[in-house]
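Just so you know, all these numbers are worked out from the coordinates, no wet-lab data involved. Predicted, not measured: the structure shown is a model, and the values here were computed from it. Positions of Cβ are generated from backbone atoms using ideal geometry, with glycine treated the same way; all protein chains shown enter the neighbour counts.
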Amino acid sequence: MRRFNSDPCLHDVMNSYEKDWQALRQNRRKQAKKWLRYLPRRSTFARYKILRWFGDSLLKRRYLWSFKYQAVKPALYSGWILTLLPVMGAQTLIASILAIIFKANIMILVALQMISNPLTVGILWPFEYKVGEKFLKLLDTSNQLGLNVTAREILGHGSIGHKGACFLKITLAIVIGAIILGYICGAISCYLYRHFTQRNAITYQQFLALKEKEASKKQARSLDSKK
């Protein structure tokens, strides 16, 4: 940077690099808008009726719209757990509340709720139940606490009260399974997000260094060709 400013002969080159840098940033903005076009952004906030209940309080909190790791990490963890929990119908409202509590990115939180829908719960909930049931069996191997239960017990027992108890235990197993799987998915997502952002992040100084290296390589090739 200093070398460019101290050498007036490279002023045109600097202007060229500035244009390339602006083009790179513009392309990034277009890609980001393409990915976020279906999510509740500040510009599209009014489209979401549930979010409008919070009024300007969501718009004033900058961390809700930030993609810094400090705001993305709680969004991924709480978002995955919420989308796997059996709370369909209230997910967007709960996601908005969680975003404020944990100071998380609301766009990611709401986007993750799209994973859980009437077409996917038929696969997600049974799998979560299996995971939760295995965890409960580990906690209560002798079944002294009455935590271990399968779906067959509901069908094979005639008591309504017992069916209700079994239903609560199965719900508990699904909730525990959702928390375990949500935490695992959140950890994996955080790792991938951090790896992707660090790999693709580039400052202006790094951009200039890359351009200088490319220019020096081209100059070396042209000199070799002349020889």
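With a 10 Å radius around each residue's Cβ, average the other Cβ atoms per peptide and rank 169-181, 71-83, highest first.
71-83, 169-181
Less than 13 Å Cβ to Cβ from Lys68, Lys/Arg counted +1 and Asp/Glu -1: what total charge do the surrounding residues give?
+4
For the pair Phe67 and Leu192, how long in nm is the line joining their label points, each one 7 Å along Cα→Cβ?
In this crude label model, Phe67 to Leu192 measures out at 1.6 nm.
Add +1 for every Lys or Arg and -1 for every Asp or Glu among the other residues with Cβ under 13 Å from the Cβ of Tyr193, and state the total.
Its environment carries a net charge of +4.
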